[in-house]
Ligand code: NAD
């Protein structure tokens, strides 16, 4: 049995807490490795190493720091197959989807190559007589990030690349379900020229996360995961005086207007609802067709598409549309929620409950499901299922459809399918959701824009990547300077205007 490690101060280090978690191959159901779960004492070793290394890194000129990012991008491309394979083996997603996971992280690293421009600061010449004023963005010090299982390459890179480009040291606590790729990323960053101690990976569970939250030296925490944990970390992290941003769960609605191209909308729903087995925070999990005729036609188009979905292990390459879910517990939770849908009266028009993949009977595969006539009080509508289950809630009018999405507690992403510009524009303006697609089912912003939801999908003021990341990972300092020739004699007792 492979025993994974932490990556502390440039070395792979065995866990010493005596606690481990099993890492599965979700396609076969076998335990393929065990990952150490760090104690607070192990976390402290990483924090001390980060703290010792960070000042020199912060003093390195930003262009040299950016060169590490450039080299890292090249190494990611060189290692794309190896990273994708390791990612699929632990997560279960298909190989092309795993390459996409690495790619969307890589794009944020590319953006961080522009750090010198983003960190330049502001200068006002002659703000007063002989007085200049300038603002600089300085690194926070030691930062930490806690990441979810569903994007084990992309989300760590969204955090550590801007943090490190800004001159911080970063401690990553990845998901204990798929920790191998984060460890590989730390190795590649050092191959790219990053000094030891600037990026470390400390594996663990709640104990390691609590050690981050309570550590005096750690200045900021980035979190992505489920909403209850996001709320917990945000509350306790802020109470401890840290800068915290936490991104939580989702229930993304797609509204399908009567004038939409229904074949396009159905194709979009298949990819956005069932891709990655529905384990995406930007997956569409609710379809809201407007009007009975739209709903009937949409369901008719969806059923054959869903029934012909190919579910398989990642080794099937692009012959599988989606793979297994991450653990047996995740599978059990999805199937439990499906039962509540049936019990509460929704119509299960595609029933994946008896799905079985020959040769992979112990894998965590879940067949595709489609519910029609769900209502807003049902658990399958209120709760995040995070599986290959699409829930159709019919609406009579556009206003009713809009109201559904607006009243839901989550506000990560949403989409509208229509040919009418006025409707699309109205939707984009009024909806209280952070990321909006117009005839685009998964509107994930590119690296140079920012990513973040509203309502219970995000806690904190700034989004991930884009310019917000450079604000989150720096503090502003403003200097007012005057040299002796500009200084008048005698004390000054009033609050000066810069005349
Ligand atoms: P999770 O909340 O179970 O775990 C996320 C991280 O928190 C992991 O590193 C885990 O070790 C840690 N953690 C778990 N329990 C904890 C506890 N009690 N105290 C402290 N830390 C704890 O989430 P997951 O199952 O790994 O990921 C799926 C969730 O993430 C879904 O809800 C999904 O919507 C969400 N997600 C959100 C976004 C976004 O940008 N909004 C992106 C991806 C995933």
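The values are calculated or read from the model by the stated rules, or taken from the named source; none is laboratory data. In this text the structure is predicted, and so the values were computed from the model without any measurement. Here the Cβ positions follow ideal geometry from the backbone for every residue, glycine too, while neighbour counts run over all protein chains shown.
For region 269-285, name all the residues that are surrounded by 23 or more Cβ atoms within 10 Å (Cβ to Cβ) and more than 20 Å from the chain's Cα centre (by Cα).
Selection gives 269 alone.
Of the conditions (1) within 15 Å of the chain's Cα centre (by Cα); (2) at pLDDT below 95, residue 107 satisfies every one except a single condition; which number is it?
Tallying (1) within 15 Å of the chain's Cα centre (by Cα); (2) at pLDDT below 95, residue 107 fails exactly one: (2).
Does region 298-310 contain any residue that is buried (at least 21 other Cβ atoms within 10 Å of the Cβ), touching a strand residue (DSSP E or B) at 6+ places or on another chain (Cβ under 9 Å), modelled with pLDDT of 95 or more and under 30 Å from residue 139 (Cβ atoms)?
Within region 298-310 (the criterion being buried (at least 21 other Cβ atoms within 10 Å of the Cβ), touching a strand residue (DSSP E or B) at 6+ places or on another chain (Cβ under 9 Å), modelled with pLDDT of 95 or more and under 30 Å from residue 139 (Cβ atoms)), the answer is no, since none of the residues qualifies.
Restricting to region 224-245, and then to whatever is outside any loop (DSSP other than H, G, I, E, B) and near the ligand (Cβ under 9 Å from one of its atoms), can you tell me which residue is nearest to residue 465 (Cα to Cα)? So that I can check it myself, show each step before the final result.
Residues of region 224-245 that are outside any loop (DSSP other than H, G, I, E, B), as a first pass: 224, 227-239, 243-245.
When the remaining residues are screened for being near the ligand (Cβ under 9 Å from one of its atoms), the result is 224, 227-230, 232-233.
On the way: 224: 13, 227: 20, 228: 23, 229: 21, 230: 18, 232: 23, 233: 20 Å.
This residue is 224.
Looking only at region 148-172, how many residues end up being closer than 19 Å to residue 196 by Cβ and part of a loop (DSSP other than H, G, I, E, B)?
3
When region 197-218 is examined, which residues are found to be buried (at least 16 other Cβ atoms within 10 Å of the Cβ) and more than 12 Å from the ligand (Cβ to nearest atom)?
Within region 197-218, 197, 198, 199, 200, 215, 218 meet the criteria.
Evaluate region 155-173: report whether one residue or more is within 14 Å of the ligand (Cβ to nearest atom), at pLDDT 95 or above and surrounded by fewer than 24 Cβ atoms within 10 Å (Cβ to Cβ).
no
All but one of (1) near the ligand (Cβ under 7 Å from one of its atoms); (2) within 21 Å of residue 181 (Cα to Cα); (3) surrounded by 21 or more Cβ atoms within 10 Å (Cβ to Cβ) hold for residue 248; which doesn't?
Looking at each condition in turn, residue 248 falls short on (2).
In this structure, does residue 481 turn out to be touching a residue at least 40 places away in the same chain (Cβ under 8 Å) and assigned to a strand (DSSP E or B)?
Taking the combined requirement at face value, the residue satisfies it.
Would you confirm, using the coordinates I've provided, whether residue 270 is touching a helix residue (DSSP H, G or I) at 6+ places or on another chain (Cβ under 7 Å), part of a helix (DSSP H, G or I) and over 30 Å from residue 460 (Cβ atoms)? Break it down into steps so the answer makes sense when it comes.
On the way: touching a helix residue (DSSP H, G or I) at 6+ places or on another chain (Cβ under 7 Å): yes; part of a helix (DSSP H, G or I): yes; over 30 Å from residue 460 (Cβ atoms): yes.
Against the criterion (touching a helix residue (DSSP H, G or I) at 6+ places or on another chain (Cβ under 7 Å), part of a helix (DSSP H, G or I) and over 30 Å from residue 460 (Cβ atoms)), residue 270 qualifies.
Could you grab me the full set of residues in region 316-332 that are in contact (Cβ under 8 Å) with a residue 12 or more places away in the chain and either in a loop (DSSP other than H, G, I, E, B) or surrounded by fewer than 16 Cβ atoms within 10 Å (Cβ to Cβ) (or both)?
Selection gives 316, 317, 318, 320, 321, 323, 324, 325, 326, 327, 328.
Per-residue answers, yes or no, for (1) away from the ligand (no atom under 16 Å from the Cβ); (2) modelled with pLDDT under 95; (3) over 16 Å from residue 389 (Cα atoms):
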position: 320; (1), (2), (3): yes, no, yes
position: 332; (1), (2), (3): no, no, no
position: 336; (1), (2), (3): no, no, no
position: 342; (1), (2), (3): yes, no, no
position: 349; (1), (2), (3): yes, no, no
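Residues 255, 221: which one is within 16 Å of the ligand (Cβ to nearest atom), in contact with a strand residue (DSSP E or B) (Cβ under 6 Å, 6 or more places away or on another chain) and either outside the structural domain of residue 40 (by TED's automatic domain parsing) or in a strand (DSSP E or B) (or both)?
Testing whether each residue is within 16 Å of the ligand (Cβ to nearest atom), in contact with a strand residue (DSSP E or B) (Cβ under 6 Å, 6 or more places away or on another chain) and either outside the structural domain of residue 40 (by TED's automatic domain parsing) or in a strand (DSSP E or B) (or both) leaves just 221.
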